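The values are calculated or read from the model by the stated rules, or taken from the named source; none is laboratory data. Note that the structure is predicted; figures quoted are calculated from it, not measured. A quick note on method: Cβ atoms are made from the backbone with ideal geometry, for glycine too, and the neighbour counts reach across all protein chains shown. These area figures cover heavy atoms from the full protein model, side chains too; ligands, DNA and RNA do not enter into them. Shrake-Rupley method; radii C 1.70, N 1.55, O 1.52, S 1.80 Å.
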Amino acid sequence: MARTLRILRYAALGLGAIAALLPFYYMLIGALQKKRDTGLGGLLPKPSNLTLDNLAGIDDSFSLLGALANSLIMTVGVVVCTLVFGLLAGYALAILRFRGRGLVFALVLLVQAIPFQLLMIPLYVMVVRYFGLADSYAGMILPFAINSVAVLIFRQYFLQIPREIFDAARMDGASELRILRSVAVPLVRPAILTAMLVTFIGPWNEFLWPFLVTKDQGMQPLAVSLANFSQANSTSQANPMGAVLAGACVLAVPAVVLFLLFQRHFTSANLGSAIKG
C-alpha cells in the first residue's frame, strides 16, 4: 500500500512538472521554427523546420546585445540598491532601539498595500520633469531602489540571530556598521540570495516604467524593445510569432539560469551555531 501511494505521488509530481515545463518547451520550439506549426506535430518539429533566423531577424530590427546590456545595467543597479538599503533598514528595524521604530515598520507594511501604478504619475513628474532623468539609467533605477519586500526579508532574518552576538560585538568596541558588515551580513547570506533573486526578476521583466521614461531606442531595455518589435516590425519576419517567441526566450534565459545556479543556497542558515556554550 505504501509503495502504491509513493508511486502515485511521484506520478502526480511528474505530471505537474510536465504541465509546468510544457509552455517553456513550446516557447523554445516556436522560437526555432522556420514556419509556424501550431498543431500537435509542432511539439516534435522536423529538423528541416528548425532555424536561428528568428533571432537574426530581431537583431536586424534593434540591437539585441544593446537591449540586453540596458536590461542588465538597470537590473544590477536595482539589485545593488535593494541589497544595500534593505540590509541597512532591516538591521535598524530588527536590532536597533529608537523612538518611532514601530511607526517606521508600519509604514513599510503600508507600502505593500499601495500599487505601483498609483505612484507612477507623481514619480514620472518627479523623475522626468524635476530631476531631468529621462532616457537615463538613473531614471529607470530610482523608483525601484528601495524594495519593501527585501526590507521585510532582512528584518525577519536579523530577528532570528541571537542578540548575544551583537552584545558581544559591542563589548569589543565594534560600531553598528562594523557589526552589520562583519557579523550580521555573513549570517544572513540565504536572505541576501533570496532577496537578490526576488529583486532580479522584477526589474529584468519590467516594461511599463522603462517604457514611460525612455524614448531613445538605444536606452530601452529588452522588455521594451521586444514590445515595440512585436507591435511594429514582427510582421515583416517570415515567422512573426517565432520572432516574438525568440525574444521571449532571450528574456527568460537569465532568470532561469540565475535560479538554477542559486537554488541550492535557499536554505536557512543555522544561526544558533554562531554561539559557543
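Centre-to-centre, using Cα atoms only, region 15-33 and region 75-92 are separated by 35 Å.
When the helices of the chain are scored as -39500 (n - 2.57) per DSSP H run of n ≥ 4 and the total is divided over every residue, the value at 222 nm lands at -21000 deg cm²/dmol. What residues from region 198-242 fall in the zone where the backbone N is under 13 Å from a label point 7 Å along the Cα-to-C-beta line of Q117? Answer for region 198-242: 208-209. When all alpha-carbon pairs of the chain are counted, what percent fall beyond 25 Å? The proportion of pairs with Cα distances above 25 Å equals 61 percent. Near the amide H of L50, within less than 5 Å, lie the amide hydrogens of K34, all on another chain or at least 5 residues away, with H placed in the peptide plane.
Ranking Y25, Y130, Y157 from most to least accessible surface, computed with a 1.4 Å probe over the protein chains only, gives Y130, Y25, Y157. Taking only the alpha carbons of region 115-261, we obtain Rg and Dmax values of 20.8, 71 Å in that order. So what is log10(I(q)/I(0)) for region 79-183 at q = 0.13, 0.14, 0.15, 0.18 1/Å, when the Debye sum runs over its Cα atoms only? Debye curve over Cα of region 79-183, log10 I(q)/I(0) at q = 0.13, 0.14, 0.15, 0.18 Å⁻¹: -0.60, -0.67, -0.74, -0.94. Split the accessible area of the chain by element, probe 1.4 Å, and carbon with sulfur accounts for 68%. Model label points for A106 and R6, set 7 angstrom from Cα along the Cα-to-Cβ axis, are 5.4 nm apart.
Semi-axes of the equivalent ellipsoid of region 1-50 are 33, 10, 7 Å, computed as sqrt(5λ) over the eigenvalues of the C-alpha gyration tensor in descending order.
Run the simple label-point estimate for A168 and D135 please: 7 Å along Cα→C-beta, distance reported in nm. Roughly 5.7 nm, to one decimal. Per-residue Karplus couplings for region 116-124, computed as 6.51 cos²θ - 1.76 cosθ + 1.60 with θ equal to phi - 60°, are listed in order as 4, 4, 5, 8, 5, 5, x, 5, 4 Hz, Gly and Pro entered as x. Note: region 121-188, Cα convex hull, 123 Å³ per residue.
Solvent exposure of the chain, expressed per residue, is 59 Å² of accessible area, with all protein chains present and a 1.4 angstrom probe.
Taking label positions 7 Å along the Cα-Cβ direction at both R99 and L15, the computed distance is 6.3 nm, reported to one decimal.
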